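*Asks:* Have a look at this one.
The values are calculated or read from the model by the stated rules, or taken from the named source; none is laboratory data. Computed from a predicted structure; not experimentally measured. FYI the Cβ positions are ideal-geometry reconstructions off the backbone, even for glycines, and counts take in every protein chain you see.
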Amino acid sequence: MPGFSPFAGVRYDTGTARAELGALTAPPYDVVDEDQRAALEAADEHNAVRLILPRDIDREGDRYQHAAETFEQWCNAGILRVDSAPRFYAYRMTYADRHGAPRHTRGVIGALALPEPGAHDVLPHERTLPKAKSDRLALLRAMRVNVDPIWGLTLADGLTPLLEGVAPLARCHDTEGVLHELGAIDDPARIAAISELVASAPLVLADGHHRFETACTYRDEVKDGGGAAIMTLVVELVEDELYIEPIHRLVDLPADIDVRARLADAFDLRAVTLDVDDLERAMAGQHALGLLDPDGAALAVPREAVSPPDSAIVESLVVPRLPEASWTYRHDAEAVAALVDKGIARAAILCSPVSVAQTRAIAMAGERMPQKTTFFSPKPRTGMVFRVL
């Protein structure tokens, strides 16, 4: 079962940095677009985006070494300081979902031992993309720092009560209004209880599959103690602590290709005049995909019974019928619809969210969903704590 240990984290000293924590932290690297990257860089010269998405300075590819040098400089200047002793870090996000309902996600950040090949104590639930792994591996090799936590879901019961009553060390709001709070767990008895509970059941990877596989590759390269674990936020796999959004598909195609004609043999296409929220509700009610193209919106109901998740339906029935397509991924359906409406994207396929129960079942069966299936929301903030290998 997965080993889970405390560590002495490295955290921002906001006094020395002369900035609020909200100006220093960033979303995870894989949800930051170029406009947001520039905005984060402008927010503060010490924003964590300069570590997770560094820019080349003198030559192509030197960005990774530049990130390592930047981290070292910030540590030497006291912008970043190491905590005095190993500890777990309680992490809480308080937010409203897209319908305005109040929600929270509570978990604990620690060092998750990387499993040996063939072990089944950490269960991935999505496939990965090679390019993303090579980028993160180059950054890890240069920095020897876990710059942001991956996200694991424990199948054990009882983690959440162990995180009650932890006073926050640091807190900030992100641009979406989510409150992020980090607290120290120093009590030896509570540390032991958390380690024992996490080690009692397999862990399902919710977010960070590329970083997890990268860490395993790096562990095999260096064979040292620090590289044998990865900083991980562990949350109990229960409905009350999780909010899962779908990830939609944007399709770039030559203008002469009729998407609806290509899909007609596999789907019953029903044109609709609905806004995005109503379209998503109709999709769920009819077990359909959503199609957005220059002709408007349509429900795409598979002609044959197929099993969820929707991303698997896209992969098996849509992708082979559009071999000329380039695919990109966004979780915000309104933004996706706007891109199609403006002609920036030729078409889009909207998917319905995967449930917590489906996530658990697929992982327990040892299966993996297609890449970019689940968007666990909101995302932990990069820069709340770092782990040096």
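*Asks:* Name the residue that is surrounded by the fewest Cβ atoms within 10 Å (Cβ to Cβ), counting only residues in the range 286-326 that are free of Cβ contacts under 8 Å to residues at least 12 places away in the same chain and assigned to a helix (DSSP H, G or I).
*Replies:* Here the residue is Pro320.
*Asks:* Among (1) among the charged types (D, E, K, R); (2) over 14 Å from Gly383 (Cβ atoms); (3) assigned to a helix (DSSP H, G or I), where does Glu41 come up short?
*Replies:* Going through the list (1) among the charged types (D, E, K, R); (2) over 14 Å from Gly383 (Cβ atoms); (3) assigned to a helix (DSSP H, G or I), Glu41 breaks only (2).
*Asks:* Right, next: Look at Ala192 and say whether it is surrounded by fewer than 16 Cβ atoms within 10 Å (Cβ to Cβ) and either in the same structural domain as Arg87 (by TED's automatic domain parsing) or not charged (D, E, K, R) (or both).
*Replies:* yes
*Asks:* Filter the range 331-389 for residues that are in a loop (DSSP other than H, G, I, E, B) and among the hydroxyl-bearing types (Ser, Thr, Tyr); which is nearest to Phe7 (Cα to Cα)? Don't jump to the end; show me each part of the working.
*Replies:* Just the residues of the range 331-389 that are in a loop (DSSP other than H, G, I, E, B), to begin with: 331-332, 342-346, 351-355, 365-368, 370-373, 377-381, 383-385, 389.
From what's left, among the hydroxyl-bearing types (Ser, Thr, Tyr): 352, 355, 373, 377.
Details: Ser352: 38, Ser355: 32, Thr373: 31, Ser377: 26 Å.
Checked the range 331-389; the qualifying residue nearest to Phe7 (Cα to Cα) is Ser377.
Yes/no matrix, rows are residues, columns are (1) within 17 Å of the chain's Cα centre (by Cα); (2) farther than 22 Å from Asp30 by Cα; (3) assigned by TED's automatic domain parsing to the domain that holds Leu112; (4) surrounded by fewer than 21 Cβ atoms within 10 Å (Cβ to Cβ):
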position: Ala338; (1), (2), (3), (4): no, no, no, yes
position: Met369; (1), (2), (3), (4): yes, no, no, no
position: Arg381; (1), (2), (3), (4): yes, no, yes, no
position: Met384; (1), (2), (3), (4): yes, no, yes, no
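*Asks:* Okay, moving on. Out of Leu237, Leu203, Leu179, which single residue is surrounded by fewer than 20 Cβ atoms within 10 Å (Cβ to Cβ) and either without any contact (Cβ under 8 Å) to a residue 24 or more places away in the chain or assigned by TED's automatic domain parsing to the domain that holds Gln36 (or both)?
*Replies:* Working: Leu237 fails: surrounded by fewer than 20 Cβ atoms within 10 Å (Cβ to Cβ); Leu203 fails: surrounded by fewer than 20 Cβ atoms within 10 Å (Cβ to Cβ).
Unique residue meeting the criteria: Leu179.
*Asks:* Within the group Asp278, Asp256, Asp224, which residue is under 26 Å from Arg136 (Cα atoms) and not in a strand (DSSP E or B)?
*Replies:* After applying the criteria, what remains is Asp224.
*Asks:* Tell me, yes or no, whether the range 141-152 has at least one residue that is out of contact with any strand residue (DSSP E or B) (no Cβ under 7 Å at 6 or more places or on another chain), surrounded by fewer than 23 Cβ atoms within 10 Å (Cβ to Cβ) and either free of Cβ contacts under 8 Å to residues at least 12 places away in the same chain or under 30 Å from Asp277 (Cβ atoms) (or both).
*Replies:* no
*Asks:* Restricting to the range 67-90, name every residue that is part of a strand (DSSP E or B) and under 22 Å from Arg141 (Cα atoms).
*Replies:* Selection gives Leu80, Arg81, Val82.
*Asks:* Based on what the data block shows, is Phe375 surrounded by 18 or more Cβ atoms within 10 Å (Cβ to Cβ), closer than 30 Å to Ala113 by Cα, in contact with a Gly (Cβ under 7 Å, 6 or more places away or on another chain) and not β-branched (Val, Ile, Thr)? Quick ask: steps written out before the conclusion?
*Replies:* Working: surrounded by 18 or more Cβ atoms within 10 Å (Cβ to Cβ): yes; closer than 30 Å to Ala113 by Cα: yes; in contact with a Gly (Cβ under 7 Å, 6 or more places away or on another chain): no; not β-branched (Val, Ile, Thr): yes.
No.
*Asks:* If I ask for residues that are of a type in the set (A, V, I, L, M), without any contact (Cβ under 8 Å) to a residue 40 or more places away in the chain and surrounded by 14 or more Cβ atoms within 10 Å (Cβ to Cβ), which ones from the range 254-270 would you list?
*Replies:* Ala264, Leu269
*Asks:* I need the full set of residues from the range 250-267 which are out of contact with any helix residue (DSSP H, G or I) (no Cβ under 6 Å at 6 or more places or on another chain), within 14 Å of Arg346 (Cβ to Cβ) and charged (D, E, K, R), in order please.
*Replies:* The answer is Asp252, Asp256, Asp258, Arg260.
*Asks:* Which of the numbered conditions does Asp268 fail, given that it passes all the others? Conditions: (1) of a type in the set (Asp, Glu); (2) closer than 27 Å to Trp327 by Cβ; (3) at pLDDT below 95.
*Replies:* Only one criterion in (1) of a type in the set (Asp, Glu); (2) closer than 27 Å to Trp327 by Cβ; (3) at pLDDT below 95 is unmet by Asp268, namely (3).
*Asks:* Right, here's the next one. Take Asp62 and tell me if it is in contact (Cβ under 8 Å) with a residue 12 or more places away in the chain and among the acidic types (Asp, Glu).
*Replies:* It is false that Asp62 is in contact (Cβ under 8 Å) with a residue 12 or more places away in the chain and among the acidic types (Asp, Glu).
*Asks:* Within the range 183-192, is even one residue touching a helix residue (DSSP H, G or I) at 6+ places or on another chain (Cβ under 9 Å), part of a strand (DSSP E or B) and touching a residue at least 24 places away in the same chain (Cβ under 8 Å)?
*Replies:* Checking the range 183-192: at least one residue is touching a helix residue (DSSP H, G or I) at 6+ places or on another chain (Cβ under 9 Å), part of a strand (DSSP E or B) and touching a residue at least 24 places away in the same chain (Cβ under 8 Å).
*Asks:* Give the residue, chosen from Thr232, Thr273, Thr217, that is of a type in the set (S, T, N, Q), surrounded by 22 or more Cβ atoms within 10 Å (Cβ to Cβ) and over 26 Å from Ser316 (Cβ atoms).
*Replies:* None of the other options fit; the residue is Thr232.
*Asks:* Between Ile362, Ile313, which is under 25 Å from the mean Cα position of the chain (by Cα), modelled with pLDDT of 90 or more and closer than 28 Å to Ala206 by Cα? If you could, list the steps in order and put the result at the bottom.
*Replies:* Numbers: Ile362 fails: modelled with pLDDT of 90 or more.
Being under 25 Å from the mean Cα position of the chain (by Cα), modelled with pLDDT of 90 or more and closer than 28 Å to Ala206 by Cα holds for just one of Ile362, Ile313, which is Ile313.
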